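Student: The following block contains the structure, expressed as structure tokens.
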Amino acid sequence: MVDLMNLKTLGKKIRKLETRLQEGPQKLAKLKRKLEALTKAKAQKAKRKSAIRTAAARRTTTASVPTKKEKSGSTAQPPTKAAVAPERRPARKAKRKLNLSPERRAQLAAAMKARWAARRAAAAANSQKNSAVGDSASQKNPQSP
């Protein structure tokens, strides 16, 4: 089979040969056989893909229903995540590398560092404010035994 020729080009070649029968019936028959083989292969591929898809769907539905065995009166540890069958996820698309100049990369790094510093400062200010509010509340209402 020739993988380079797809159905459209094969069909076009067949039509041209049918109009020009002086080329010879052998070449026409050869191209028709190729076309038939390609259509069969395409149908088999679609059938295989649908079977894989249904099997995967069946697997995910059975994996989503947890089955728990209860142990009576034991002090065993709760089941860990390793006991649960991990679900297979499709591979993630690779991140595209940005084509940055060194100057632009440094500029972005500085901006991100400034943003992180501001976020840390805001978090520190909030924690100090919350602790100051808690201290003043405990000083106003001392509990007597």
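Student: Return the sequence-ordered ³J(HN,Hα) values of the range 13-20 in whole Hz as given by the Karplus equation 6.51 cos²θ - 1.76 cosθ + 1.60 applied to θ = phi - 60°, using x for Gly and Pro.
Tutor: Per residue, the Karplus-derived 3J(HN,Hα) values read 5, 5, 4, 5, 5, 5, 6, 10 Hz.
Student: For the range 24-39, what does the Karplus curve 6.51 cos²θ - 1.76 cosθ + 1.60, with θ = phi - 60°, yield as ³J(HN,Hα) per residue in whole Hz, taken in order and with x for Gly and Pro?
Tutor: x, x, 5, 5, 4, 5, 4, 5, 5, 5, 4, 4, 5, 5, 5, 5
Student: Output ³J(HN,Hα) for the range 115-132: one whole-Hz value per residue in order, computed from phi by the Karplus curve 6.51 cos²θ - 1.76 cosθ + 1.60 with θ = phi - 60°, and x for Gly and Pro.
Tutor: Once θ is set to phi - 60°, the couplings for the range 115-132 become 5, 5, 5, 5, 5, 5, 5, 5, 5, 5, 5, 5, 5, 5, 5, 5, 5, 5 Hz.
No value in this document is a laboratory result; all are computed from the given coordinates. In this text, all values refer to a predicted model and were calculated from it rather than measured experimentally.
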